[in-house]
Structure formats: structure tokens, C-alpha cells
Amino acid sequence: MNKAYHSVRLEKERCMGCTTCLKRCPTEAIRVRDGRAHIIDELCIDCGECIRVCPHHAKVALTDPFDSIRRFPYRIALPAPSLYGQFKSLGSINRALTGLRRLGFDAVFEVARGADVVSRALIERLKRPNVPKPLISAACPAIVRLIQARFPDLIDHVVDIRQPMEVAALMAKREFCQQHGVAPEEVGCFFITPCPAKMTAIRSPIGHEKSALDGAISIMEIYGRLAAQLRKGGEEESLCGATPYGVGWANSGGEAAAIHSENSMAVDGIENVIRVLEEIENNRLNDLDFFEGQACTGGCVGGPLTFENGYVAKNTIRKLTERMEHTRPEAAVDASALNKYPIYNTLPIEPTNGMRLDDNIVEAMRKMERIEQIAKELPGYDCGSCGSPTCRTLAEDIANGYAGEMDCIYRLKSRLQVMAQQMVELSERTRK
Amino acid sequence: MADVSILETFDVERGAFETAGEASATIKRTLKRLGVDVGILRRVAVATYEVELNLIIHSLGGRLELAVDENWVRVTSRDRGPGIPDIDKAMTEGYSTAPEDVRTLGFGAGMGLPNMKRNADDFSIASEVGVGTTICMGFKLR
């Protein structure tokens, strides 16, 4: 397990060294040095915001190429429900699942079915006395990483249930192996992902050892193939087994609807989530049972690796679910099913201390004093021209030895003025 | 080593709801950067937010002060009045003098002072009518 694994990467040749991603990164994890952006591994949460905003498409997500499925004799596709939102005139979920299977998979297993199980498990969790309120959803791995890095004091609020994709993969593999009498090693489970954070969560899981998934293919990559397949038509197979509530997890508010908790709250967009987590920290929302935060606007439908506009996708999913039979997750999933698979975390979620200046508090205080002193000399414009997102982060970078004061163009300008003035004075003195 | 310390001050004005929470958010950030233990962090966050809101709602304006050394996090609130006539009553859970318009905003449930005391390891309050109130909260780091 590689701790520093990140799905979000930089394509060096395409990067122009502009300040767009620098200014938009919610965890201040990007620096521009020598005309190129650099991602600081310890701070990046793989939310993919930089992928979305980069005008030069220099930020990319590392996902598995489609052909990687051929590593396995048997392959199962596990589509995120957000996939269904990519096709405006889809008509039925079975159509998407049939098309997907025909692309070269032996089976498809909806992640929405995993979501149904997780919904049921959540309902049970909320019944327990003494759970920290609000319980915070663990479905968005970018938000869990955000909490690890910036809200370590909220870690005990995070739900200890695995993500729907993990639960779905556990179910899919066991079901397939039993049905076909094959060994689990021969079966590859591939998540069809709307975002890089899920890819990272597969490579370095949070809360458990190994992922049940063998890879992730982006919705963007599969979109063209699947669109072509759908145009071919053909008979639809009956593959859809999820409830509309499981499918609804694709949209912000879907989890809250699935657990049927009136006293819950859904927030989308990472900056909004940060603001509400601050409120939770202040105990301002302890009357709330459940908090669902998603890094992307609209929820997973707004993922950076999706094709369709997030709002269009959201609407498509809404229409699809309205047409489905309205079975509740607790009716579809029996409580006994919760013990059938290892759906709960086995490892604690650890803080990553991304904000910590030093492990020793005295050292940290010294460093902070130095940073304050340096920051006083900076103009406070937060222009980003130095390559650090704000004057304060530049002060920190200087204190850490990663940057110099003359990286600030205003400091440089005034230094040049002083030097020019000195030159004039010198030349006048030599003239006499 | 006790000579190393961090000191930050924040002016908090009466009725400044638009900036409510900024001082406590900055204090929280500072403590996270210093690597203060998460359990303590949470208690400071809750108590500091309460005290900041108190300055906005009840005081005529004042100042929040954060002092950190190796052993303690201390948050002090000093205001310019009006002062609390009966501190024992003010420390009673549910007792509130917040005006109606403030209470409809969800503030002033009468839990502020008791909540601060509960969260701090060391709590003291002194007040003089017409002069002001000083609240000192200490959180032990080790």
C-alpha cells in the first residue's frame, strides 16, 4: 500500500505555470515553481478541482486504461450510478447496463446495490446510542481525506462503513465465483468512476487494508465506447437490481433520502463542505443526525471525470429513478445481509496532520513566529505570482526553505528600486 | 523553554454578525498548525466560538486574546461593558438575556457560559456593571 499514491497528476508539457489551479486548490496543495505547477503529496486530497479548472488540461487523473480489464480471465464492471446520468435519452438503467456488459465484461454489478446495503447499515448505525452527532458520511473519499488533513477533531464522526463501491465489489465477486465456480483471483472488478478520489481510494484505501476492486476506469474513457454500443441497440437484459434510493446516491442529498432521516443535511461543493465542517467543529450542528458532504457540485454527477454537465446528469437520474418501483433500501436489504460481507472498517482513520508545522509544539511555535515575521513584510495581495497561493503560504514556504523573499514580485520591485537609487547616488558621487 | 509562546488578538465588535466566527476560526487554525491534540482542539473550538458570539450579542464590543505556551492554551475575552449584574444567574443553564431578534437567529439559548465552563480546564469570570466582563479559559496541553 503506497501512502503517497495520488490519482491527480500533472502533465508537465502542458502546464503554462499560470495561477488558476494554485488559487482554486481547496487545501493549498499546489505551488508553481520554475514555471510549472507542483502538487504537494501530503496536502492533496484528490478532489480533482484542479483538473476541472485547468485551462490547459495539464491536470489529469490517473485511472486504468480500458484494455487493462484483459489482465483477468473474468471481468465485472461496477458502474457508479452517476454513469446513468451521462445519457440524456437513456430510457432505462437496464439499457446502460446491457451496453456496458457488451463492451467486454462477463457481468455488471451496480454500485447502487452496494449503496442500498450501505444505506441499510447506516440506518442501523444511527439507531445506536452514543454515536457522535452528526454522523459524517464516508462516501466521498475526497471529503474523508479533507477531514484527515484539516479537521482531525471530526474523524470520530466519520461513519465506519465502507464505500458503496467496496461493498458492491465484495458482493459481485462472491456472487460471480459461486455462480460460475471460478477462483476469486481470476475475476477482475472494475469500478466505472466519476472522479480521481475513488481511484486513490482503491489504491490506498482508508479504514481497511485492501480494496475489493482491481481497478477503476473513468466515465470519460468509457463514454465514447458505451455511446457507440448503445446506438447499436439490441435486446435489453434485465440486470438492474438496485432501488431508486441506491441509484440516488449519485446526486447530492441521495444518501440522506436513502436513510430516510429527516434530520440530515447534504452539502455539495468542497468550499461549502469546508464551511459546514467548521460549524460542526463549533458544535453548532450537534442537533443533526447525519451529514453528507460531497466535494463535487451536485454530488458524484458533478465529478471531474464525467462527460455530461452535472446538472443535466442530475436531472436524467431524477427522471430515471422516478420511473422505478419505489422500494426502500431497508425493504430490499435484510438486516442479516449486513453480516454477510466485511462492510465495516477494520482500521482506524488516522489524521494526516497536513496543517501541522512541527510534531513538537515548541518547534511549531518557533516556526509560527518566524512565519508571522516574514508575513509582515509581504504585501498581502495574495496574487499568486510568487507561485504560492497566498502571501501567508509564501511566508510558510520561505520559513520552510522552499522559497525566497525575492520570489515576491512586490518585494523584488522595491528591492530593485532601492538598488537603482543606490546606483544613481553612486554614479553622482563618482562624477564629482 | 517556557519563553516560547504565541499571542494573537482579535477585536470583536457588538452586533458584528457578518464576521461572527472569524476570530474563533483563526484561533482554531492556529492551534491546528501548532499540532494541538484533537480532543483539546475541539473543546477550544466550542468554547471560543461561544465566547466570540457572546461578545457580539451581549457586550458593547471587546477583544479576544489567544495565548499558547508549552503547557496551556488560554483564551481571554475582555469587553467594554455593560457588565453582568448577577454572575451566578448568568452561569445557570438556560438563563438568557439575549433579545428576541437575536434568539430567533438561533443564538442566546442560555447555554453560552455554562458551555464554556464545561469545555475549559480552567475557567474564571469577573464582571463589573458599567465597566466590563473578563472571561479567562485555560486548556491544559499536558
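Key figures for this structure:
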{"read-out": "Residue, farthest from A:Ile371 (Cα to Cα), within region B:1-19, restricted to residues that are among the hydrophobic types (A, V, I, L, M, F, W, C) and either assigned to a helix (DSSP H, G or I) or open to solvent by 30 Å² or more (accessible area, probe 1.4 Å) (or both)", "value": "B:Phe17"}
{"read-out": "Pairs with Cβ under 7 Å, 6+ apart, first in region A:337-364 and without any contact (Cβ under 8 Å) to a residue 40 or more places away in the chain, second among the aliphatic types (A, V, I, L, M) and surrounded by fewer than 13 Cβ atoms within 10 Å (Cβ to Cβ)", "value": "A:Val362/B:Met1"}
{"read-out": "Enumeration of residues in region B:1-24 that are among the hydrophobic types (A, V, I, L, M, F, W, C) and touching a helix residue (DSSP H, G or I) at 6+ places or on another chain (Cβ under 6 Å)", "value": "B:Met1, B:Val4, B:Ile6, B:Phe10, B:Val12, B:Ala16, B:Ala20, B:Ala23"}
{"read-out": "Flag for A:Leu357 being within 14 Å of another protein chain (Cβ to nearest Cβ), buried (at least 20 other Cβ atoms within 10 Å of the Cβ) and either part of a loop (DSSP other than H, G, I, E, B) or among the small types (Gly, Ala, Ser) (or both)", "value": "yes"}
{"read-out": "Subset of region A:303-353 (residues that are under 30 Å from A:Leu146 (Cβ atoms) and in contact with a Ser or Thr (Cβ under 7 Å, 6 or more places away or on another chain))", "value": "A:Gly303, A:Leu305, A:Thr306, A:Gly310, A:Ala313, A:Pro329"}
{"read-out": "Any chance A:Ala331 is farther than 24 Å from A:Lys88 by Cβ, out of contact with any Leu (no Cβ under 6 Å at 6 or more places or on another chain) and at pLDDT below 95", "value": "yes"}
{"read-out": "Selected residue [open to solvent by less than 20 Å² (accessible area, probe 1.4 Å), of a type outside the set (Val, Ile, Thr) and assigned to a loop (DSSP other than H, G, I, E, B)] from A:Ala121, A:Ala149, A:Ala139", "value": "A:Ala139"}
{"read-out": "Selection status of B:Val51, crowded, with 17+ Cβ neighbours inside 10 Å, not polar (S, T, N, Q) and not in a loop (DSSP other than H, G, I, E, B)", "value": "yes"}
{"read-out": "Residue check, B:Ala67 open to solvent by 20 Å² or more (accessible area, probe 1.4 Å) and either out of contact with any Asp or Glu (no Cβ under 9 Å at 6 or more places or on another chain) or assigned to a strand (DSSP E or B) (or both)", "value": "yes"}
{"read-out": "Qualifying position, being out of contact with any Lys or Arg (no Cβ under 7 Å at 6 or more places or on another chain) and modelled with pLDDT of 95 or more, among A:Pro129, A:Pro79", "value": "A:Pro79"}
{"read-out": "Some residue of region B:75-89 being touching a Cys at 6+ places or on another chain (Cβ under 9 Å), surrounded by fewer than 19 Cβ atoms within 10 Å (Cβ to Cβ) and more than 11 Å from every other protein chain (Cβ to nearest Cβ)", "value": "yes"}
{"read-out": "Some residue of region A:337-350 being within 14 Å of chain B (Cβ to nearest Cβ) and buried (at least 17 other Cβ atoms within 10 Å of the Cβ)", "value": "yes"}
{"read-out": "Looking only at region B:1-32, and only at residues there that are within 8 Å of chain A (Cβ to nearest Cβ) and closer than 19 Å to A:Arg275 by Cβ, the one that is modelled with the lowest pLDDT", "value": "B:Gly21"}
{"read-out": "Residue check for A:Ala331: of a type in the set (A, V, I, L, M) and within 14 Å of another protein chain (Cβ to nearest Cβ)", "value": "no"}
{"read-out": "Residue check, A:Phe307 among the aromatic types (Phe, Trp, Tyr) and more than 19 Å from the chain's Cα centre (by Cα)", "value": "no"}
{"read-out": "Checklist (1) in contact (Cβ under 8 Å) with a residue 60 or more places away in the chain; (2) buried (at least 18 other Cβ atoms within 10 Å of the Cβ); (3) out of contact with any Asp or Glu (no Cβ under 9 Å at 6 or more places or on another chain) applied to A:Ser238, failing item", "value": "(2)"}
{"read-out": "Residue that is nearest to the chain's Cα centre (by Cα), among those in region A:360-392 that are assigned to a helix (DSSP H, G or I) and more than 12 Å from chain B (Cβ to nearest Cβ)", "value": "A:Cys391"}
{"read-out": "Any hit, region A:34-55, residues being part of a helix (DSSP H, G or I), more than 19 Å from A:Gly303 (Cα to Cα) and open to solvent by 50 Å² or more (accessible area, probe 1.4 Å)", "value": "no"}
{"read-out": "Test: residue in region B:54-71 that is within 11 Å of chain A (Cβ to nearest Cβ) and either under 9 Å from the mean Cα position of the chain (by Cα) or under 18 Å from B:Arg118 (Cβ atoms) (or both)", "value": "no"}
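The values are calculated or read from the model by the stated rules, or taken from the named source; none is laboratory data. From a predicted model like this one, the values you see are computed outputs, not experimental measurements. Every residue, glycine among them, receives a Cβ derived from its backbone with ideal geometry; neighbour counts consider all protein chains shown. Surface areas here come from the heavy atoms of the whole protein model, side chains and all, with no ligands, DNA or RNA. Shrake-Rupley method; radii C 1.70, N 1.55, O 1.52, S 1.80 Å.
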